[in-house]
Amino acid sequence: MRFYQNQLIYSASDFIQFMKCHYASQQAYQQVHMLHQQGLTAASQPASIDDTIALLQQRGLQHEAAYLQQLKQQYASVVEIEHRDLATAAELTRQAMQAGAEIIYQATFLNGHRAGHADFLRWVAQPSRLGDWSYEVIDTKLAGQVRVDFLLQLAFYSDLLAHEQGLLPQQLHVVLRQQQQASVALHRVWAYYQLHQAEFLRQIGQLADQDLYPVPCAACQYCSLQSSCEQRWQADQHLNRLAGISQVQIGKLHAAGIGSIPDLAHWSADQPIKGIAGESLARLVHQAQLQHQAQQTGQAYVDVLPIEQASRGFGLLPTPSPHDLYFDMEGDPLTAGGLEYLFGLLLPPYDRDGFEAFWALKKPMKKPRLRSLLIE
Ligand code: SF4
């Protein structure tokens, strides 16, 4: 989100971020207001981006550029919207649509409080306010398969596109890793999108006044606020720091008034908690006691649990043998098609000298390295 011509503008990313984490949206909302009051913009602030996120962004741009080249070979009229000013870029997009360009790259929309930059618009022979044609949105994604948040993002752009051409597009298109294309009918996600879009627009302005607490979710690993949230959880000794606990169990413990690891460590496991089985509660309390003790003394405590069943946990391990080998492999999922680049073996006497590495830094090396590992 950002201020543009003294008006707060929301993007598709803001909408998706809100759906994943209200706390992150609140932080963004507060920051953009603070900068605006100081006469600054987010672009004027030095951004600290995690290396992985920076690499992902770089790979995403390469993927997009490769698809653009492909489209340029396929279509005669590809219009690139290069202007950075929002209103100008939106006007140039409108003109390209009216002129019937086959492909519009970096299509920009501005409608009320909402703005969007779709990677591509593609001409389709579906009559609209523009004439005998209209457009559908294509977005490039590095993922291997279509995700719900991609579809919601595309629905957001399609919504803005519909205001321009007077017609909702029929299809959403995603160009995935390796340039595979997937298309989904817009009507399949439209009701869901509208429901959440209305909720987003209703709530976003009220977030600043709410007392929100960060709740870990799948989005945390790519979130720029991750380290500050981690610090807060650590300082609060939040239950999400407890090994082996689930979000559902955290919810049940909160409902019982237990909000931190020390709270749980002092809880008597005999006192039942609604929704958590006695055995699970005893395990959580025991784990909380170990971690709380470690926190207080600075020493790690380990209790070796008795083997309960031969078919579970340590019970699954075979009898130790002097010929045991330990194998580990490392991979890079961001390389096109993925690459397992290191096969590591730990041999007796299982110390640093016993480690043997088989590196496969390029795809063709993978097979011979794996063969060496199996044969040697
Ligand atoms: S790190 Fe997780 S909880 Fe914190 S703001 Fe980001 S997504 Fe939300």
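Q7 fulfils the conditions (1) surrounded by 17 or more Cβ atoms within 10 Å (Cβ to Cβ); (2) out of contact with any helix residue (DSSP H, G or I) (no Cβ under 6 Å at 6 or more places or on another chain) except for a single criterion, (1). Of the residues that make up the range 24-33, is at least one over 27 Å from Y193 (Cα atoms), under 22 Å from the mean Cα position of the chain (by Cα) and not aliphatic (A, V, I, L, M)? Looking through the range 24-33, none of the residues is over 27 Å from Y193 (Cα atoms), under 22 Å from the mean Cα position of the chain (by Cα) and not aliphatic (A, V, I, L, M). Strands (runs of 3 or more DSSP E) fully within the range 312-376 that include at least 1 residues being among the small types (G, A, S) and exposed (fewer than 13 other Cβ atoms within 10 Å of the Cβ): 326-332, 355-359. Would you point out the residue of the range 30-54, among those that are surrounded by 13 or more Cβ atoms within 10 Å (Cβ to Cβ) and assigned to a helix (DSSP H, G or I), that is modelled with the lowest pLDDT? The extreme case among them is A42.
Restricting attention to the range 128-143, report how many residues are among the small types (G, A, S) and either buried (at least 20 other Cβ atoms within 10 Å of the Cβ) or assigned to a loop (DSSP other than H, G, I, E, B) (or both).
Summing the residues that are among the small types (G, A, S) and either buried (at least 20 other Cβ atoms within 10 Å of the Cβ) or assigned to a loop (DSSP other than H, G, I, E, B) (or both) in the range 128-143 gives 2.
A218: loosely packed, with under 15 Cβ neighbours inside 10 Å, closer than 30 Å to S11 by Cα and either among the aliphatic types (A, V, I, L, M) or assigned by TED's automatic domain parsing to the domain that holds R147 (or both), yes or no? Considered against the rule, which asks whether it is loosely packed, with under 15 Cβ neighbours inside 10 Å, closer than 30 Å to S11 by Cα and either among the aliphatic types (A, V, I, L, M) or assigned by TED's automatic domain parsing to the domain that holds R147 (or both), A218 comes out as yes. Please work out if V304 is of a type outside the set (D, E, K, R), surrounded by 13 or more Cβ atoms within 10 Å (Cβ to Cβ) and farther than 30 Å from R369 by Cβ. No: the conditions fail for V304.
Inspect the range 195-208 for any residue being within 14 Å of the ligand (Cβ to nearest atom), closer than 30 Å to L161 by Cα and more than 18 Å from the chain's Cα centre (by Cα) and give the result as yes or no. It would help to see each step written out before you state the result.
Of the residues in the range 195-208, the ones within 14 Å of the ligand (Cβ to nearest atom) are 207.
After this cut, where a residue has to be closer than 30 Å to L161 by Cα as well, the list is 207.
Going one step further and asking which of them are more than 18 Å from the chain's Cα centre (by Cα), we end up with 207.
The answer is yes, given that some residue of the range 195-208 is within 14 Å of the ligand (Cβ to nearest atom), closer than 30 Å to L161 by Cα and more than 18 Å from the chain's Cα centre (by Cα).
Among the residues making up the range 170-189, those that are surrounded by fewer than 16 Cβ atoms within 10 Å (Cβ to Cβ) and on the phi < 0 side of the Ramachandran plot are Q170, Q180, Q181, A182, S183, A185, H187, R188.
Within the range 3-17, the residues that satisfy the criterion of being more than 16 Å from the ligand (Cβ to nearest atom) and small (G, A, S) are S11, A12.
Of the residues that make up the range 152-161, is at least one more than 16 Å from the ligand (Cβ to nearest atom), outside any strand (DSSP E or B) and either basic (K, R) or loosely packed, with under 15 Cβ neighbours inside 10 Å (or both)?
Let us first name the residues in the range 152-161 that are more than 16 Å from the ligand (Cβ to nearest atom), namely 152-161.
From what's left, outside any strand (DSSP E or B): 152-161.
With either basic (K, R) or loosely packed, with under 15 Cβ neighbours inside 10 Å (or both) added as a condition, the list becomes none.
The answer is no; no qualifying residue exists.
A single entry from Q291, Q296 fulfils the requirement of being surrounded by 10 or more Cβ atoms within 10 Å (Cβ to Cβ), in contact (Cβ under 8 Å) with a residue 12 or more places away in the chain and in a helix (DSSP H, G or I): Q291. Would you call Q165 touching a residue at least 60 places away in the same chain (Cβ under 8 Å) and surrounded by 21 or more Cβ atoms within 10 Å (Cβ to Cβ)? The answer is yes for Q165.
Taken over the range 223-242, the criterion of being more than 8 Å from the ligand (Cβ to nearest atom) and of a type outside the set (D, E, K, R) is satisfied by S227, Q231, W233, Q234, A235, Q237, H238, L239, N240, L242.
Residue-by-condition table, conditions (1) in a helix (DSSP H, G or I); (2) within 16 Å of the ligand (Cβ to nearest atom); (3) surrounded by fewer than 16 Cβ atoms within 10 Å (Cβ to Cβ):
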| site | (1), (2), (3) |
| --- | --- |
| M19 | yes, yes, no |
| Q27 | yes, yes, no |
| R59 | yes, no, yes |
| H63 | yes, no, no |
| Y67 | yes, no, no |
| E82 | no, no, yes |
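The values are calculated or read from the model by the stated rules, or taken from the named source; none is laboratory data. All values reported here derive from a predicted model rather than from experimental measurement. Note: ideal-geometry Cβ built from the backbone for every residue, glycine included; neighbour counts use all protein chains shown.
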